[in-house]
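Take a look at the structure below.
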Amino acid sequence: MLPRLLKVIPSQDGSVQIRHEQARYFANPWHFHPELELTLVLKSTGTRFVGDSIGYFTADDLVLLGSNLPHYWKNDNQYYRSEDKNAEAIIIRFAEDFMGKEKFTLPEMQELQGLFLKAKRGLLIKGNTQRRVKKLMTQMLSQNGLLRLITFLQILNLISISDDIAYLTSKGFNCHLNPRHENRMNTVYNFLTSHYREKINLEDIANQAAMNPSAFSRYFKQCTGKSVTEFLQELRLGHACKMLIQTNKNISEIIYDSGFQSQTHFNKLFVKVNNLTPAAYRARYRK
């Protein structure tokens with residue numbers, strides 16, 4: 001799916017833009033922007049797409065995104081259907097040279113330059129670092145001027161020296177940012193994220209793009225870095241992980257509810273991706 005360029009309006013009161021988003025669901029589509037972004041989910045659940053990474057998010061999900069890295073937080077279906085549900089996040093956006101180009105040539109800024117380079121693959125921030133950053137981001141909402149900037153520098157410093165981080169995208173990920181076919185791929189993308197639990201074939205998906213299956217397969221791989229099968233498998237695995245965490249359904253039921261047709265295939269794929277059996281994954285989370 002080809003991302004759209006999102007124009008970030010510069011903040012009038014500082015070099016760092018912070019926003020407290022509260023809505024029924026997160027509305028931004030699959031998009032990118034030159035600014036780096038630090039996103040902390042406070043409420044809601046769903047699927048997080050960053051580059052070629054697909055993962056499940058819950059409250060306290062904290063991610064640092066590098067410049068022009070495509071991303072999309074898609075809430076679970078109930079957030080679009082029910083007015084009782086709501087999504088909430090704190091989002092900070094900033095340019096790589098937010099303090100001025102000259103400042104980033106200083107020796108003290110070398111760690112930040114290294115952090116911004118790592119962020120090009122997307123960073124998931126966990127553990128004690130996540131908890132400390134969450135506290136500081138909450139403080140920033142009520143701060144202004146120099147105090148807000150100092151707090152933000154504390155946040156960047158914490159992340160830059162932390163071991164509680166994991167890369168999201170694959171090492172060789174390279175997004176094609178040409179938006180020529182944006183509408184076509186967004187149609188395909190919405191179809192897949194709405195129907196991945198069903199039994200769908202390549203022809204069904206290719207029809208969404210008005211292409212024949214063979215040409216569409218090559219096109220999809222070029223745009224996403226994944227085959228259609230790989231993309232569907234990751235969506236289904238993400239749903240299965242969510243069900244293992246949130247429900248007491250038995251594993252066999254979760255497998256078929258997630259769109260897999262073979263328990264053997266699911267178990268093999270799950271262990272390959274998570275290095276745990278589904279039962280061990282559930283037990284570790286609950287522990």
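A few remarks follow.
- Length available on full extension from residue 59 to residue 154: 0.36 nm per residue minus the Cα-Cα distance, which gives 32.0 nm.
- Straightening the chain between residue 250 and residue 31 buys 75.2 nm, computed as 0.36 nm per residue apart minus the Cα-Cα spacing.
- With R₀ fixed at 51 Å, the C-beta to C-beta distance from residue 77 to residue 108 puts the FRET efficiency at about 0.60.
- Here is what passes the span test in the chain: the DSSP H helices with alpha carbon length of 18 Å or more along the helix axis and a Kyte-Doolittle mean of -1.0 or above are 145-160, 182-195, 228-246.
- Alpha-carbon Rg/Rh ratio, for region 70-149, with Rh computed the Kirkwood way: 1.05
- Extending 7 Å from Cα along the Cβ direction at residue 226 and again at residue 86 yields two label points whose distance is 3.2 nm.
- Calculated FRET value between residue 212 and residue 67, using beta carbons and R₀ = 45 Å, to 0.05: 0.80
- Pairwise FRET efficiency - residue 267 versus residue 163, Cβ, R0 = 35 Å, nearest 0.05: 0.65
- Top positive-direction residue, dipole computed over the chain with Cβ charges, set 241, 116, 193: 241
- Formal net charge of residues neighbouring residue 243 (Cβ-Cβ distance under 13 Å; K, R +1; D, E -1): +2
- For region 179-286, the alpha-carbon radius of gyration amounts to 1.18 times the rule-of-thumb value 2.2 N^0.38 Å expected for a compact globular protein.
Bear in mind that the values in this text are calculations on the coordinates, not laboratory data. These numbers were taken from a predicted model, which means no experiment stands behind them. Don't worry about glycine lacking a Cβ; one is built from the backbone with ideal geometry, like all the others, and counts go over all protein chains shown.
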